[in-house]
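Written below as structure tokens is the structure these notes are about.
The values are calculated or read from the model by the stated rules, or taken from the named source; none is laboratory data. Remember, it's a predicted structure, so these values are computed and weren't measured experimentally. In this analysis, Cβ positions are derived from the backbone assuming ideal geometry, glycine residues included, and neighbour counts consider all displayed protein chains. In case anyone asks, the SASA skips ligands and DNA or RNA and just uses the protein heavy atoms, side chains included. Shrake-Rupley method; radii C 1.70, N 1.55, O 1.52, S 1.80 Å.
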Amino acid sequence: MKRVSLAVTLAAAAALSVQAASAQTLKTVKDRGQLSCGVSGGLPGFSSPDDKGNWTGIDVDICRGLAAAIFDDPSKVKFVPLSAKDRFTALQSGEIDVLSRNTTWTLSRDTSLGANFTGVTYYDGQGFLVKKSLKVNSALELNSASVCVQTGTTTEQNLADYFKGNNMKYEVIAFAGADETVKAYETGRCDVFTSDVSQLYAQRLKLANPADHVVLPEIISKEPLGPMVRHGDDQWFDIVKWALFAQINAEELGVTQKNVDEMAKSDKPDLKRAFGTDGNLGEQLGLTKDWFSRIIKAVGNYGEMYDRNVGAGSKLQIARGLNNLWNKGGIQYAPPIR
């Protein structure tokens, strides 16, 4: 009997030890009084500051939603602009708590960087931007073209695979930063600029005459973009993951930034669980009962976030496509809150 009691005691102590260790990121963020969020230095629609230093974009809203869930204040975020080359080091070193920087989820990144992807904020794919004066209508017409790419991304490998697969020749002109790459393309150092299609739309806005350039129809890769957190903290992994899932579920449930307070009064079981009036799901995450409503009040549901930053309500005007909900012709889908 004593052996059984000792075993139970040791197991309980081990569980408590693991739980305490896994809660360190949340505690660190709370003790600091703000979330440290790694973002792109200036990609319209995803993360970019205005001339007053106010950040906007999908990646920005992901972190504002997290801050709202933790502090009930979406402004308690420090945005850390990072290059493609430096983003993973910043996460690994602890300089940032979460990387929310238009980053593609791949097997190698999932296994070699000491980090986990927490979900997909945007289903993207690589494409090509060309000058209309080039009179090219398809990427299959780009044989012998010079192509500007940014290093430290998945772009170079995708480019090589596509041209090799179609028996075409090309010349790579690579640059470390996105702005350098776009400038080189605009000044004629290359024929084509290749990147994720969302980034092509965003960078086209920075050109002197955006209407003189066109994104070709071919999508040559799968680029699921999402946030990353360090390995070893399951509680933090769950919080970042479910903050996104809350927005996706909110859109599916019809909860918006405007009607969130009214919807919180609903007697529907799925809404009661989401709003914390039935059960303690928020506490299980290490947050409060109203974690769901805090996020939606701060940044809206997924559809609102999408439209405001890259969709119909933005300058980018990118159609929802794959990023529509699974029951509206897209593939955006979140596990249920229960």
Anchor Lys131: aspartates and glutamates whose Cα lies under 20 Å away (excluding residues fewer than 8 positions away in-chain): Glu141, Glu171, Asp179, Glu180, Glu186, Asp191, Asp196, Asp212, Glu218
Rounded to 5, percent antiparallel among DSSP beta bridges of the chain: 55 percent
With Cα atoms, 0 to 90° folded angle of helix 234-253 axis to the chain main axis: 70 degrees
On Cα atoms only, tilt of 155-165 relative to the major axis of the chain in degrees: 60 degrees
Value of relative contact order over the chain, rounded to a whole percent, pairs C-alpha under 8 Å and six or more apart: 21 percent
Trypsin sites (Lys or Arg not before Pro) lying in DSSP loop within region 212-270, provided at most 15 other Cβ fall within 10 Å: Lys222, Lys258, Lys265
Cα gyration tensor, region 124-220 - rounded (a/c under 1.5), prolate or oblate: rounded
Candidate lysines - alpha carbon under 25 Å from Lys30, same-chain residues fewer than 8 apart omitted: Lys76, Lys78, Lys241, Lys289, Lys297
Where trypsin sites (Lys or Arg not before Pro) fall in DSSP loop in region 140-207, at most 10 other Cβ within 10 Å: Lys169
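Quick one: pull the percent of accessible area on the chain belonging to carbon and sulfur, 1.4 Å probe, ligands and nucleic acids left out.
For the chain, the apolar C and S fraction of the accessible surface comes to 52 percent.
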Distance (nanometres) between label positions extended 7 Å along Cα→Cβ at Thr187 and Asn167: 3.8 nm
Computed FRET value (nearest 0.05) for Thr151 with Gln92, which takes r as the C-beta separation and R₀ as 22 Å: 0.70
Crossing angle, helix 2-22 versus the chain [Cα axis fit, 0-90 degrees, rounded to tens]: 40 degrees
Rounded to 5, percent antiparallel among DSSP beta bridges of region 124-220: 50 percent
Protection-proxy order for peptides 312-323, 100-111, each taking the mean of Cβ atoms within 10 Å per residue, highest first: 100-111, 312-323
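To the nearest 20 Debye, how big is the dipole of region 176-285 about its Cα centre, given +1 on the beta carbon of each Lys and Arg and -1 on that of each Asp and Glu?
Dipole of region 176-285, to the nearest 20 debye: 140 debye.
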Residue (of Asn324, Thr118, Leu140) at the positive-pole extreme of the chain, dipole from beta-carbon charges: Thr118
Alpha-carbon centroids, region 259-331 and region 150-206: separation in whole Å: 35 Å
